[in-house]
Amino acid sequence: ALRKADKAPVIDGKFSKEEWQKGKWASFGINDATEVESGTMMEGIIIQGGEMGRTDINSDFDGSMYALWSEDGLYVCAVVIDDIHCQKSQPVAFFRDDVLSVYTKPTTTQRHNTRIDFALSEFKGGPWALLNWSPIFKSYYHKELPPGDEGVEYSIIKEGTRVVYEAKIPWHLLCEGGIEEYQNIHMQIAIHDYDVTRDKTVTFGGWTCFLN
């Protein structure tokens, strides 16, 4: 199950093991490819476990992913070690470059979905987010989300080869009518790495689980 936060993490782009250690998480490395019971490996490589908040400084592409929930939203974090950070696209094309994407479906039976891309954007001059809603929804399809807009909080900090993404996404952006405790939610967290000459995406998905 995706665990409820005892105390909501501070969204400051400064990874804290104490804040995130309760969350479901996975670590990944560019040379690893291991199937896991609690998730599905897609379009890349993923291993469950490993060292939380890895800080290797010579890696081409590895790190960790985390997620927690509370009544006011879904909390996600990714710590990425990457020797080349590239994010030059306009917001509607964030997905082409280095980006953290969060996908959700309110239940396993609903066909529409939501994707929010979080990027340390050269085009926008700093952290930025884009909401992508399926056309089945009545509202936005593409909507830029400056920090604080629609209740979204996020921070992305790059120090050397280490990039920390932290975000809180309110439930009203993820599913109509909000979310109740113990309701199923299908979630995927994806890290896309673009090194100009190479594309690689790591997606940890299949988190069709009860919130508890």
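The values are calculated or read from the model by the stated rules, or taken from the named source; none is laboratory data. For clarity, every value in this text was computed on a predicted model and none was experimentally measured. Ideal geometry is used to build each Cβ from the backbone, glycine not excepted, and the neighbour counts take in all protein chains shown. Please note that ligands, DNA and RNA were not included when accessible areas were found on the heavy atoms of the full protein model with its side chains. Shrake-Rupley method; radii C 1.70, N 1.55, O 1.52, S 1.80 Å.
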Could you check, for the range 9-24, whether at least one of its residues is open to solvent by 60 Å² or more (accessible area, probe 1.4 Å), in a helix (DSSP H, G or I) and modelled with pLDDT of 75 or more?
yes
Of the residues that make up the range 186-199, is at least one over 22 Å from D98 (Cα atoms), part of a strand (DSSP E or B) and at pLDDT below 75?
yes
Of everything in the range 55-74 that's open to solvent by less than 10 Å² (accessible area, probe 1.4 Å) and over 19 Å from D97 (Cβ atoms), which residue is modelled with the lowest pLDDT?
S64
